Amino acid sequence: MLILEKKDRERVKGLYQSYNEVVKPLLIEVEVRSGKISHALQNEIRAFNDHIARCHYDCSIDLNDPEMKHKEIERQKKEIDKAEGHIRRLILDCFKQLNASLSDTVKRYEKKMKYMDPLKMGSGTEWTSYRELKRYAVKAVFTAKIEESKDTEKSMKLFEESYLQYRKLEILFDRQAGHIRKERFKAALVFASRCVLWLFLVIIAAILSALMADGLQALF
């Protein structure tokens, strides 16, 4: 079993390198965050391996026949092209799933901060870029989805940039987790105090209303 052209052998070597150095780490992160690898990603992995297997030399081909050899080389090139397409799709889909997961993580943190101003937490300096990071990440995802059907490479780059911004947001939230808990506790105390004050005022109002009613009855 042999890939006939040296350039094609180098391409296959590069694909294996991309799979081991880029795709595998992304797949591991996807599995860690979601607890599983989706069927879509599994199908892409199977398709990649299938085309890599098909691109090897068919031993039944007579390489002494120039025409048959040329056809075999062209067939191998097409299989390698398809394998490259599945590698790109794997990377793209991994970034899409990671962005969705990170977006949910950011939303959970923001829910915890519903009644807080993040710019006032901690030292304040780390939070000045919060809105900018999120705005950039959301915009990159939006643009990447538009470009996905037009330019896969550009879309993949945008999804990667969005992923990096979301990771910065996640790291920022993790680093400020203690401040978030403290501010949530303060917000809970303020809310409880307001409830107690409201209840106290309601009781006072009820007592005053009862006293006034008794006073009016005494007059008449």
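The values are calculated or read from the model by the stated rules, or taken from the named source; none is laboratory data. Please read all numbers here as calculations on a predicted model, not as lab measurements. Backbone-built Cβ (ideal geometry, glycine too); neighbour counts: all protein chains shown.
May I ask you to list the residues in the range 151-176 that are over 13 Å from Thr105 (Cα atoms) and either hydroxyl-bearing (Ser, Thr, Tyr) or at pLDDT below 85 (or both)?
Once the filter is applied, which keeps residues that are over 13 Å from Thr105 (Cα atoms) and either hydroxyl-bearing (Ser, Thr, Tyr) or at pLDDT below 85 (or both), the range 151-176 yields Thr152, Ser155, Ser162, Arg175, Gln176.
Hey, Glu79 hits all of (1) loosely packed, with under 13 Cβ neighbours inside 10 Å; (2) of a type in the set (D, E, K, R); (3) within 20 Å of Tyr16 (Cα to Cα) but one; which does it fall short on?
(1)
Being out of contact with any helix residue (DSSP H, G or I) (no Cβ under 6 Å at 6 or more places or on another chain), touching a residue at least 12 places away in the same chain (Cβ under 8 Å) and surrounded by fewer than 19 Cβ atoms within 10 Å (Cβ to Cβ), is that true of even one residue in the range 94-103?
There is at least one residue in the range 94-103 that is out of contact with any helix residue (DSSP H, G or I) (no Cβ under 6 Å at 6 or more places or on another chain), touching a residue at least 12 places away in the same chain (Cβ under 8 Å) and surrounded by fewer than 19 Cβ atoms within 10 Å (Cβ to Cβ).
Tell me, yes or no, whether the range 63-71 has at least one residue that is over 26 Å from Lys139 (Cα atoms), assigned by TED's automatic domain parsing to the domain that holds Thr152 and in contact with a Leu (Cβ under 9 Å, 6 or more places away or on another chain).
The answer is yes, given that some residue of the range 63-71 is over 26 Å from Lys139 (Cα atoms), assigned by TED's automatic domain parsing to the domain that holds Thr152 and in contact with a Leu (Cβ under 9 Å, 6 or more places away or on another chain).
Checking Asp117 against (1) surrounded by 12 or more Cβ atoms within 10 Å (Cβ to Cβ); (2) modelled with pLDDT under 65, only one condition comes out false. Which one?
(1)
Here is a check on your reading of the model: is Leu102 within 30 Å of Tyr130 (Cα to Cα), in contact with a Lys or Arg (Cβ under 7 Å, 6 or more places away or on another chain) and not hydroxyl-bearing (Ser, Thr, Tyr)?
Considered against the rule, which asks whether it is within 30 Å of Tyr130 (Cα to Cα), in contact with a Lys or Arg (Cβ under 7 Å, 6 or more places away or on another chain) and not hydroxyl-bearing (Ser, Thr, Tyr), Leu102 comes out as yes.
Filter the range 29-73 for residues that are surrounded by 11 or more Cβ atoms within 10 Å (Cβ to Cβ), free of Cβ contacts under 8 Å to residues at least 12 places away in the same chain and over 32 Å from the mean Cα position of the chain (by Cα) and give the result.
Listed by number, the residues that qualify are Ile61, Asp65, Met68, His70, Lys71.
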